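A.B. asks: Sharing a structure below in structure tokens format, with a few things to ask.
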């Protein structure tokens, strides 16, 4: 249902844009100052680690300190991995949105010189590109429904 609404909105937007002769200008900033390999950044975590009761005496004290150090190291490693996964996922989502909203539409609107003022050709181009851009998403949804 929601994919149908998105497809309809995309079709109408592209039809109108092609009919009116809209063009897009590439003013996306270039990321030249991006540092690769810097997973942790400049943030240093401040965290409270809960205490673990292991017993009384010197054995309990030593075991408690070793558990505290081990859990702290494990927690920091897990946070670093989680941060890397989060930023990678965010980068992939932003790259997909950039491609969909700019690159794909720029490619579609490059045809606007040929379709300006002709609603029939505009609708044909819009329908074709809507099927291409949304069709694979419908395919993925259909395959997930079949595999259930």
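The values are calculated or read from the model by the stated rules, or taken from the named source; none is laboratory data. Computed from a prediction, not measured in an experiment: that's the story for all the values here. Counting neighbours? That spans all protein chains shown, and the Cβs are built from the backbone with ideal geometry, glycine included.
A.B. asks: So which residues in the stretch 1-29 are modelled with pLDDT of 90 or more and surrounded by 15 or more Cβ atoms within 10 Å (Cβ to Cβ)?
C.D. replies: Across the stretch 1-29, the qualifying residues are 11, 13, 14, 15, 17, 18, 19.
A.B. asks: Whether any residue in the stretch 141-148 is exposed (fewer than 14 other Cβ atoms within 10 Å of the Cβ), touching a helix residue (DSSP H, G or I) at 6+ places or on another chain (Cβ under 8 Å) and either part of a helix (DSSP H, G or I) or in the same structural domain as residue 4 (by TED's automatic domain parsing) (or both) is what I want to check. Quick ask: steps written out before the conclusion?
C.D. replies: Within the stretch 141-148, the first condition is being exposed (fewer than 14 other Cβ atoms within 10 Å of the Cβ), and the residues that meet it are 141-148.
Then keep just the ones that are touching a helix residue (DSSP H, G or I) at 6+ places or on another chain (Cβ under 8 Å); that gives 141.
With either part of a helix (DSSP H, G or I) or in the same structural domain as residue 4 (by TED's automatic domain parsing) (or both) added as a condition, the list becomes 141.
Yes, because at least one residue in the stretch 141-148 is exposed (fewer than 14 other Cβ atoms within 10 Å of the Cβ), touching a helix residue (DSSP H, G or I) at 6+ places or on another chain (Cβ under 8 Å) and either part of a helix (DSSP H, G or I) or in the same structural domain as residue 4 (by TED's automatic domain parsing) (or both).
A.B. asks: Report whether or not residue 124 is within 30 Å of residue 21 (Cα to Cα), assigned to a helix (DSSP H, G or I), out of contact with any helix residue (DSSP H, G or I) (no Cβ under 7 Å at 6 or more places or on another chain) and modelled with pLDDT of 90 or more. Break it down stepwise before answering.
C.D. replies: Values: within 30 Å of residue 21 (Cα to Cα): yes; assigned to a helix (DSSP H, G or I): yes; out of contact with any helix residue (DSSP H, G or I) (no Cβ under 7 Å at 6 or more places or on another chain): yes; modelled with pLDDT of 90 or more: yes.
The answer is yes for residue 124.
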